[in-house]
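Below: the structure, in structure tokens.
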Amino acid sequence: MLFRTRKIYKLSPLKRYYSNKTTHSNKWQTVVGLEVHAQINSVSKLFSGASTKFSSPVNTNVDLFDGAIPGTLPVLNKRCVEAGVLTALALNCRVSPVSLFDRKHYFYADMPAGYQITQQRLPLAVDGELQFQVYTPGVHKTPYKAKVRIKQLQLEQDSGKSIHDTHVTLVDLNRAGVPLIELVFDPDLKDGEEAAALVKELIHILRRINTCSCKMEEGALRVDANVSINRKGEALGTRTELKNIGSVRGVAAAVKYEIERQIKVKESGGAVVNETRAWDSVAKRTVVMRDKEVVQDYRFMPEPNLPPLCVAMGPVKQGTVNADELKAAIPELPEQIRQRLQGEVGLSAEHSIILVNDFCLLSIFEEALQKRRIDAKLLANVLLNDLNTILNKKNLEPEHIKCEADYFGEAIDLLQNGKINRTTLRIILEEVILDASTRPTKLVEEWGLFQISDERELRKLCEEVLGENEKVVKAYKLGKVKAFKALMGAVAAKTKNRADMAKCDAILKELVGNK
Amino acid sequence: MDKVLYGNIKMTSRLLVEGSINTIDLINLSLKKAVENKKYNPFITVTQSEALQHSEDSCKRYISKGAKSELDGIPIAIKDNFCTRNIRTTCASKMLENFIPTYNATVCQRLFDAGAVLIGKTNLDQFAMGSGTVDSIYGPTKNVWIGNLKEGFYISGGSSGGSAVAVATGTCFAAIGSDTGGSTRNPASYCGVVGLKPTYGLVSRLGLIPLVNSMDVPGILTRTVDDCVIVLNTIAGFDPKDSTSVNRPFKKIRLPPANKLSIKNLKIGIPLEYHCDSLSSEVLDTWNDIAQLLEKEGAIVKKVSMPHTQYSIVCYSILNQCEVSSNMARYDGIEFGFRANEESSTEKLYAETRKIGFNEVVRNRIIAGNYFLLSRNYDKYFTKAMKVRRLIANDFDNVWNEVQMLLTPTTLGDAPLYKDFISKNNRDQCALQDYCTQPVNMAGVPAVSIPIKLSQKGLPLSLQLIGRNFSEPMLLALAKYIENIVQFPHFVNKF
């Protein structure tokens, strides 16, 4: 297990990294499409009453239906329909007033019925569109907007799990019949960063509307990518399908690797084969999983045990769920939040993107602003820089923060009003995020960390520093500008970082000039 | 006492309430009959110990005046393709020879809740694929009307042949069958009992091991229409566990006494297309006689046309095989049922299991169905068959503008001899046997077969009444009316 480090966002001035996009981009066009399986947040399975609890003991979340015991019938879980429709609406899809379920046949030990119930012919929703921001600090200079179309959104069952041993294969049906939303995106993306940004946006949305936990490590969100390249002006190339991608950064890396691999293959005169490749996140490469030479005929057939799924909307009030009511209950979505943060709150595009990327920080930000009138930009800056530095140092996640949002507000208040300086702020934050027993103001008081802002006191301090550092003063006077910094440092050290350094700067300059 | 079993449910229930008989004696009698009638092979499993236990429970209820219903203590039989908790449910197949379900089909549960006592699971064609009850790993079920011939025996019809024979012999009062293309009505017709195929969606399919989900319905076999009504009232109605069961309250059917019924001005249609080439003259005559009789009794009998009837059987066959191929995919030897001794690979295990576990009829239908469902064939066969299915349903919709009920043959003749029956293969035989019954399943409408008279050979001849969706009250009223007039000489009345 590698340690994950949080990115620290130095934003002002922005680091002038250049895009690491392949230099072949003039010659090659890249086409990337995603297929995402999102496990619906539901207590029970799509067609049975069995639990969906993760990591339950083997074969305990299994209803008779999940084992395909003869005579059992599917009963559609209403919560899953709600989640499906909600997701469709959040992704601007056209919800089908009537959709159908189909059987997709293939033999597999962990699929007891010999078919999967899915929605192939008439899915729950079609024709969606999602706009999202592509911005990876260090990769992109500035954020840019991308757009992807959603071909279809369907409800379907998950399969079970086969566990292969040397001589036997064991089957765990806990996952069999777990509800999934399958999202098929049009191949509108051009590289791994866009693909990762799309997945990230999708995660924000699904978490926001609570239809999927999006825990990729639990398999709750599975991303397959289709990648092809072609020379500009030529027809689309043969595509490969990438599976086994376990994280958002994995999406970016896998697609990037695959594009480069395909370019290498083609430039050395080879041909890309239509195959499924697995992403090896340790070796950082894709490897062949299976080729698609044998085309499976799934012998789709309408599922006769389920009547058409009707969704009420507009004048039609009859349906399993009501799309209009669900639409009204959709909370503010990430893109809307970013717009608001930029427009109403006045944050930069970068800040708003990064804040929305971290839901936990975002809620701290929003709550803190609600509680008291403080400088929003300063707050954002503190959260994204100072706080992140601390979290990184302590190897913590924002989820681990114990204090309420107003502790940050209070600390910012102190900073804004000159009661403390930025260094003290960091010391305070470092304390309160893990021990919220004392509020920031009280803490500053107890630890005697109030900033020294009194002119006379500062002047006295500065005079003392000058007296103690005559050599430095001399050097400065001889034109060594850097020496001034040393003097400032000495003041800071003497006051244990409590001095109002802006004031000290003026005082020192005045005093040195006087000498 | 023996004769009690030959009576009807209402009368028996009264005797039980009065205390002139008790359920323990009644069930013992029924089990004795099951042994006597073993020669006809109606049962795969006789549930003796369970039946005795339940008869004792029922007896106590009667003593404490707490009988659950008219069916309390009444012996019944259930086709062996309905799941019964802790009682093996074989579908007459090797595949499920040792399959013991852990749950009751809704139909079974409702009967048990009403106090009915299961005496046995009845024989059928393997997975209900057939119309003779000849393709069972437990051997064929024989017709009871004429026995001991040097030419062999007459078939019971099928696939619910075991249920029909159990009822015809008076081993029990009622039996549950299933009806996908005529599997309840066909053996009812050949065995001389009442066979009801309810409207699709009126009775839950949960626990009925499926043949064709979109056509299967639990069926009821009894000797009288009144008994049929009692059973239907017990098992019909919405089941949240079957998404295709109709979500509306079921109003219990109450039929007046036969002499209070009138069929004045009732419009009855005679669909010309049901008069096919293979129709026997005896059935045709019976059909004519009853049509005339009904007219004489005041009904308006008219000829109607249902132009797509002749295309129904081939479409039925395609849809049947498609769903069969899909439904049978679960029998892979992994989770339940038979597993072949083959461990070289998972694929070989599937193949060997399915080769041994299914008979040829089942395997053929699976192969044909998979062929029809291939993406290159789907439109040519499945979609087209669905379109024709719609036309057939439309035929029924249209005909209800003219008439309220249809009178047709159930089967094209009386019961065939076993050796004649098996001279044709299963597919050709079904095409003949199901000709008049399967359009009803394609459309979902209810139908009932009622015995009319005996043929010259001494075998039952029956006719079918078909009504619009959920018209069971009217359908069964007319059936009762006809039953009262024709006074069919039931097999049990021979004794």
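The values are calculated or read from the model by the stated rules, or taken from the named source; none is laboratory data. Given the structure is predicted, the values throughout are model-derived calculations rather than measurements. Cβ sites come from the backbone with ideal geometry, for glycine too, and all protein chains shown count toward neighbours. Note: accessible area is taken over every heavy atom of the protein model, side chains too, but ligands, DNA and RNA are not part of it. Shrake-Rupley method; radii C 1.70, N 1.55, O 1.52, S 1.80 Å.
Tabulated results
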| quantity | calculated |
| --- | --- |
| Flag if A:LYS460 is in a loop (DSSP other than H, G, I, E, B) and open to solvent by 80 Å² or more (accessible area, probe 1.4 Å) | no |
| Yes/no for B:ILE119 being away from chain A (no Cβ under 14 Å) and crowded, with 24+ Cβ neighbours inside 10 Å | yes |
| Filtered residues of segment B:342-382 (kept if open to solvent by less than 40 Å² (accessible area, probe 1.4 Å) and of a type in the set (Val, Ile, Thr)) | B:THR353, B:VAL361, B:VAL362, B:ILE366 |
| In segment B:372-424, the residues that are of a type in the set (Val, Ile, Thr) and at pLDDT below 95 | B:ILE422 |
| Filter result (open to solvent by 30 Å² or more (accessible area, probe 1.4 Å), charged (D, E, K, R), assigned to a loop (DSSP other than H, G, I, E, B) and over 27 Å from B:PHE250 (Cα atoms)) within segment B:429-475 | B:LYS457 |
| Candidate set: segment B:284-331, residues that are of a type in the set (S, T, N, Q) and open to solvent by 10 Å² or more (accessible area, probe 1.4 Å); chosen: the one farthest from the other protein chains (Cβ to nearest Cβ) | B:GLN292 |
| Members of segment B:41-81 found to be closer than 19 Å to B:SER93 by Cα, in contact with an Asp or Glu (Cβ under 9 Å, 6 or more places away or on another chain) and not β-branched (Val, Ile, Thr), listed by number | B:PHE43 |
| Condition check for B:ILE334: farther than 29 Å from B:ASN469 by Cα, open to solvent by less than 20 Å² (accessible area, probe 1.4 Å) and either in contact with a helix residue (DSSP H, G or I) (Cβ under 6 Å, 6 or more places away or on another chain) or at pLDDT below 95 (or both) | no |
| Single match in B:ARG205, B:ARG185 (criterion: modelled with pLDDT of 95 or more and within 14 Å of another protein chain (Cβ to nearest Cβ)) | B:ARG205 |
| Selection count where residues are open to solvent by less than 20 Å² (accessible area, probe 1.4 Å), more than 14 Å from every other protein chain (Cβ to nearest Cβ) and part of a loop (DSSP other than H, G, I, E, B), scope segment A:73-127 | 6 |
| Only one of A:ILE390, A:ILE412, A:ILE374 that is outside any helix (DSSP H, G or I) and open to solvent by less than 50 Å² (accessible area, probe 1.4 Å) | A:ILE374 |
| Failed item, numbered, when A:VAL62 is tested on (1) in contact with a helix residue (DSSP H, G or I) (Cβ under 9 Å, 6 or more places away or on another chain); (2) among the β-branched types (Val, Ile, Thr); (3) within 11 Å of chain B (Cβ to nearest Cβ) | (1) |
| Failed item in (1) away from every other protein chain (no Cβ under 13 Å); (2) out of contact with any helix residue (DSSP H, G or I) (no Cβ under 6 Å at 6 or more places or on another chain), with A:GLY160 passing the rest | (1) |
| Output for segment A:163-179, where each listed residue is facing chain B (nearest Cβ under 10 Å), surrounded by 16 or more Cβ atoms within 10 Å (Cβ to Cβ) and part of a strand (DSSP E or B) | A:VAL171 |
| Segment B:360-402, subset aromatic (Phe, Trp, Tyr) and touching a residue at least 40 places away in the same chain (Cβ under 8 Å), residue farthest from the other protein chains (Cβ to nearest Cβ) | B:TRP400 |
| Single condition A:LEU511 does not satisfy, out of (1) farther than 29 Å from A:ASP375 by Cβ; (2) out of contact with any Asp or Glu (no Cβ under 7 Å at 6 or more places or on another chain); (3) touching a residue at least 12 places away in the same chain (Cβ under 8 Å) | (2) |
